[in-house]
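Everything below concerns the one structure shown next.
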Amino acid sequence: MSRDALVSDDLAVKFTTEKDSPYTRWVKSEGLDIVSSLYVPDLHAVELKPWARRGGMGVFLNHDASRTSNDCYVCEIPPGKALAPQRQLYEEMVLVLDGLGSTSVWNEAGQRTSFEWKAGALFAIPLNAWHQHFNGSGTRPARYVAVTNAPVVINAFGDLDFVFNTRYDFPDRFSGEPSYFANGGAQRGFLLETNFVADAVNLPLVTAKERGAGGGHIRFSLAKGHMNSHISQFPVGTYKKAHAHGAGAHVIILNGEGYSLMWPEGEEPRRFEWKPGSMIVPPNLWFHQHFNTGTTPARYLAFKAEGVSIRNAQGVPKAWISRRLGGDQIDYADESPKVRQLFAQALAKRGLTPRMDAAYEAELTELPPVLRGDS
Ligand SMILES: [Fe+2]
């Protein structure tokens, strides 16, 4: 039995007008497509269309909740060119996929700064700051992927002139500080407060045993924004615990090879292969689980909006809490035997074996008891 909650055409047609929104009409007016995407094999190769207003090429890759939460787009700047300047009342986080270049950022007060980037750089656009991206190569395109909360803002106001042409600075977010986009920042626990990461692929991480298998983790608050992002890494021969959360996490593989399983509760897992540049977008409340089948650590970047996190009363995301405690993370001890079989088979094809015993044993020392009545 399918658990995708699909209904008859008769019922679906009664809601079709609600699929159209100021946001979807804006994307159409830009001359671009919205490609429905829970899995993109290679962001480096995804097909783009001319984006006349910005002076580049682009495509929107949106998950199932994109009308109301956060969207994703890929953009390419032609060799030797710059995109048109833009400011916007929504937040935007950027990962450079290919090439090199620079970005100028300025505000109504005339305060200006600029910084250079190349593939692997991560940054965000300060709210409503003017910004312009330049390709630093005269021979090769520069390509980036961005996640924004444009759907929330455009749908809330429905007025493009207001969203893209409001004269207002947010000085607490950006005031032209010369070092605003310097690489570095203050680390507090898992959170790195920074506006620019020059090389997300090699950024040092913090140990995070809570997600299983001895992984590394770091979280970002970029450009003093409300949207958030994190990087996770997990070792050779290991996999992470399955968990579920709200829609809007855009998981972009930075390094390594492997696959992810994704499934709505009660259904068989579906398998998606990945490599650097692949993107996985778990649909709302689907379980998902990431497996490293390569010979190097596997690292991914997740661009999110707060709506992804379903938190307990202490503010802890339930995706970090055992299902045995009412959370949304499946302990290794409770996963399907098929999960381990599939992983062992995938590794065997490459002459590798799982390195999960230490993680399984470590979990047993902290595993909450199964509640009576649970299975
Ligand atoms: Fe997740």
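The values are calculated or read from the model by the stated rules, or taken from the named source; none is laboratory data. Just so it is clear, the model here is predicted, and its values are computed rather than measured. A quick note on method: Cβ atoms are made from the backbone with ideal geometry, for glycine too, and the neighbour counts reach across all protein chains shown. We work out accessible area using only protein heavy atoms, side chains counted, and drop any ligands, DNA or RNA first. Shrake-Rupley method; radii C 1.70, N 1.55, O 1.52, S 1.80 Å.
When Leu160 is tested against (1) closer than 28 Å to Phe291 by Cα; (2) in the same structural domain as Met93 (by TED's automatic domain parsing); (3) touching a helix residue (DSSP H, G or I) at 6+ places or on another chain (Cβ under 8 Å), exactly one condition is not met: (1).
Restricting attention to the range 286-311, and to residues there that are in a loop (DSSP other than H, G, I, E, B) and touching a Leu at 6+ places or on another chain (Cβ under 9 Å), which single residue is farthest from the ligand (Cβ to nearest atom)? For the range 286-311, the residue satisfying everything is Thr295. The condition (being crowded, with 19+ Cβ neighbours inside 10 Å, assigned by TED's automatic domain parsing to the domain that holds Pro283 and either closer than 18 Å to Glu273 by Cα or not hydrophobic (A, V, I, L, M, F, W, C) (or both)) is satisfied by just one residue among Arg350, Arg340, Arg323, Arg355: Arg323. Between Pro283, Pro354, the distinction of being touching an Asp or Glu at 6+ places or on another chain (Cβ under 8 Å) and either more than 14 Å from the ligand (Cβ to nearest atom) or under 26 Å from Val145 (Cβ atoms) (or both) belongs to Pro283 only.
Restricting the search to strands (runs of 3 or more DSSP E) fully inside the range 141-259 and requiring at least 3 residues that are surrounded by fewer than 15 Cβ atoms within 10 Å (Cβ to Cβ) and away from the ligand (no atom under 16 Å from the Cβ) gives 186-188. Go through the range 1-60 and count every residue that is at pLDDT below 95, open to solvent by 80 Å² or more (accessible area, probe 1.4 Å) and within 20 Å of the chain's Cα centre (by Cα). So the answer is 1.
Give me a count of the residues in the range 65-87 that are more than 18 Å from Ser114 (Cα to Cα) and not in a strand (DSSP E or B). Matching residues across the range 65-87 total 8.
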